[in-house]
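All of the numbers you see were taken from the coordinates with simple rules; none came from a lab. Owing to the predicted nature of the structure, the values given are computational and were not obtained by experimental measurement. In this analysis, Cβ positions are derived from the backbone assuming ideal geometry, glycine residues included, and neighbour counts consider all displayed protein chains.
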Amino acid sequence: MAWGMISWEVPIEVSGPTYNKQPLVYAALAAQKNHNALYLNCTYGSAERTERLRQRFAASGKRLDMGKSCVRFRKAADLDLAAVGEALAAVEPDAFVAETNAAHAKRR
């Protein structure tokens with residue numbers, strides 16, 4: 001648990017120091033007031049992976065209600081679980097760390 005959500009993280013031992021001294025959240029699952037949210041931070045950093053997720057949902061006929069990194073849904077049946085699994089498997093932890101570090105370096 002982190003940030004009030006079930007989270008899957010890249011440990012500090014793997015990522016090295018982070019901007020907020022917390023492990024990098026790769027993905028998280030949270031219950032919000034009117035929906036559930038699956039935070040796919042592993043997809044957020046890549047326009048290509050985000051587009052692939054959008055295309056997979058469209059092909060499955062499922063509605064994708066997505067913010068920057070969160071996929072909002074009411075029940076698990078609303079998700080294209082194969083597309084979610086593909087999104088989670090699309091980037092290795094080391095690549096995720098490198099993308100995150102590069103994004104933070106651009107902000108400085």
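Picking from Lys106, Lys21, Lys62, which residue would you name as being on the phi > 0 side of the Ramachandran plot and of a type outside the set (Asp, Glu)?
Only one candidate qualifies: Lys21.
Picking from Ile12, Ile6, which residue would you name as being β-branched (Val, Ile, Thr), under 13 Å from the mean Cα position of the chain (by Cα) and surrounded by fewer than 17 Cβ atoms within 10 Å (Cβ to Cβ)? Before you say what the answer is, go through the steps one by one.
On the way: Ile12 fails: under 13 Å from the mean Cα position of the chain (by Cα).
The match here is Ile6.
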- Task: Output the residues belonging to region 70-85 that are among the hydrophobic types (A, V, I, L, M, F, W, C) and surrounded by 13 or more Cβ atoms within 10 Å (Cβ to Cβ).
- Result: Cys70, Val71, Phe73, Leu79, Ala83, Val84
- Qualifying residues in region 16-51 (those that are among the basic types (Lys, Arg) and surrounded by fewer than 16 Cβ atoms within 10 Å (Cβ to Cβ)) - the one farthest from Thr100 (Cα to Cα): Lys33
- Query: Of the residues in region 86-105, how many are under 14 Å from the mean Cα position of the chain (by Cα), assigned to a helix (DSSP H, G or I) and loosely packed, with under 12 Cβ neighbours inside 10 Å?
  - Reply: 1
- Any chance region 43-59 includes a residue that's more than 21 Å from Met1 (Cβ to Cβ), without any contact (Cβ under 8 Å) to a residue 40 or more places away in the chain and touching a Lys or Arg at 6+ places or on another chain (Cβ under 8 Å)? yes
